[in-house]
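Heads up, the thing below is written out as structure tokens.
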Amino acid sequence: MDEFRDSLKVLVVDDEADVEVMFRQRMRREVRSGRYEFVFARSGVHALEVLAEHPDVSLVITDLNMPEMDGLTLLDCLTEAWPGVPSLVVSAYGDPGRMSAARERGSSGFVVKPVDFTELRSAMADSLGGAG
């Protein structure tokens, strides 16, 4: 039996390697219960490749400042190529201008780093229409 049969697949996009470790540790319970499955990308360009490989992604969580393609450009690509996939921004830069730019590009939420995982879980559930 596929352990992730009913899981919601979440793509986390961040160029910092420790983000993947942090998500795996802090979301361990949700992964074990089968609520979420996480896949990771280190840039916006890599995220587009991962999305092509995983068309069943239910949510994209992205940083803003990354090499190759920043998070705002990635949000533009998501809106165009994957319009049904909600997105969240997680960034150390939580100023109103960036938050507004993210919303204008389709992000359903914004969580400021360092990540409060209680806040993130709530934002994920909201982005997924309560399915999270």
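Below, the figures for the structure above:
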read-out	value
Residues satisfying the stated conditions in the stretch 83-108, i.e. out of contact with any strand residue (DSSP E or B) (no Cβ under 8 Å at 6 or more places or on another chain), at pLDDT 95 or above and either part of a loop (DSSP other than H, G, I, E, B) or of a type in the set (Val, Ile, Thr) (or both)	Arg105
Residue selected from the stretch 24-41 under the condition assigned to a loop (DSSP other than H, G, I, E, B) and in contact with a Ser or Thr (Cβ under 7 Å, 6 or more places away or on another chain), by the criterion most open to solvent (accessible area, probe 1.4 Å)	Arg35
Residue under evaluation Glu68, criteria (1) in contact (Cβ under 8 Å) with a residue 60 or more places away in the chain; (2) on the phi > 0 side of the Ramachandran plot, criterion not met	(1)
Residue selected from the stretch 64-89 under the condition open to solvent by less than 10 Å² (accessible area, probe 1.4 Å) and not hydroxyl-bearing (Ser, Thr, Tyr), by the criterion farthest from Asp14 (Cα to Cα)	Leu78
Residue in the stretch 20-34 that is within 29 Å of Glu80 (Cα to Cα) and touching a residue at least 40 places away in the same chain (Cβ under 8 Å) present	no
Every pair of residues 6+ apart whose Cβ atoms lie under 8 Å, when the first sits in the stretch 110-124 and is surrounded by fewer than 14 Cβ atoms within 10 Å (Cβ to Cβ) while the second is modelled with pLDDT of 95 or more	Glu119/Val111
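The values are calculated or read from the model by the stated rules, or taken from the named source; none is laboratory data. As the structure is a prediction and not an experimental result, all values here were calculated from the model. All Cβ positions, even for glycine, are placed from backbone atoms using ideal geometry, and neighbour counts span all protein chains on display. Accessible surface areas use protein heavy atoms only, side chains included; no ligands, DNA or RNA. Shrake-Rupley method; radii C 1.70, N 1.55, O 1.52, S 1.80 Å.
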